[in-house]
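Below is one structure, written out as structure tokens; comments come after it.
The values are calculated or read from the model by the stated rules, or taken from the named source; none is laboratory data. Please read these numbers as outputs of a predicted model, since none were measured by experiment. Backbone-built Cβ (ideal geometry, glycine too); neighbour counts: all protein chains shown. When the accessible area is computed, the model is the full protein with side chains, heavy atoms only, and any ligands, DNA or RNA have been set aside. Shrake-Rupley method; radii C 1.70, N 1.55, O 1.52, S 1.80 Å.
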Amino acid sequence: MRAANINPRTGLATDYLNHFNEAIMLLEMIPDMPECAEDFLEWQPLSYSEHFTASHFKARDLAIEAYESADASVRAEFDNVTSAMTSILSAVGDAMRDAKQDKTRSRLAEQATGWVKPLVAMAGGIINGAGEADVDYIMTH
């Protein structure tokens, strides 16, 4: 599993975080290039399984199988964090669709980035088997 970037202890793969990092990258571009808001608005939420099913990840079937076999409490913690990221990104997308000014879209993008980046770090910690103390450290620094 390690060769496929799947943590053998948690059964989770960091590749899923690329889905959120793509959205963050687009959000970070909006203040300098407002037209990138349209690219961000094309981003669609995907569950862990949906992400791997749609990907060209070589070990995608193994990633899905390992996720489904992962410890229920680890998976629930991970799913809670990724669900929060999805909710934030979806809400920001809705707000951007309603926004009339580039300045408003830029502010939304900056706020969303500030909220989602720490959650991506937290999700990475869960994938890599970090304990609660590590997560608390990430959230306070």
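Based on alpha carbons, the Rg and Dmax found for the range 57-99 are 14.8, 42 Å. Extension gain, residue 69 to residue 33: 0.36 nm times the residue separation minus the Cα-Cα distance gives 8.7 nm.
Taking only the C-alpha atoms of the range 78-126, the Rg (one decimal) and the largest Cα-Cα distance, Dmax (whole number), read 11.9, 38 Å. Probing with 1.4 Å while keeping every protein chain in the model, the per residue accessible area of the range 42-92 equals 57 Å².
Taking the protein heavy atoms of the chain in the context of the full set of protein chains, the accessible area attributed to carbon and sulfur is 51 percent at 1.4 Å. Here the range 39-82 was treated as a single set of alpha-carbon atoms; its pair distances binned every 5 Å from 0 give 5, 21, 23, 23, 16, 8, 3, 0 percent.
For the range 4-69, the C-alpha radius of gyration divided by 2.2 N^0.38 Å, with N the number of residues, is 1.31. Summing charges over neighbours of residue 67, with a neighbour being any other residue whose Cβ is under 10 Å away from its Cβ, gives -2 when K and R count +1 and D and E count -1. Computed about its Cα centre, the charge dipole of the chain is approximately 120 debye, with only Lys, Arg, Asp and Glu carrying charge at their Cβ.
Across every pair of different alpha-carbon atoms, what Kirkwood hydrodynamic radius in Å does the chain reach? Each step should come with its number before you reach the end.
Numbers: mean 1/r = 0.0633 Å⁻¹.
Kirkwood radius, the chain: 15.8 Å.
At 222 nm, what value in deg cm²/dmol follows for the chain if DSSP H runs of at least 4 each add -39500 (n - 2.57) and the sum is divided by all its residues, to the nearest 500? The per-residue figure over the chain is -22500 deg cm²/dmol.
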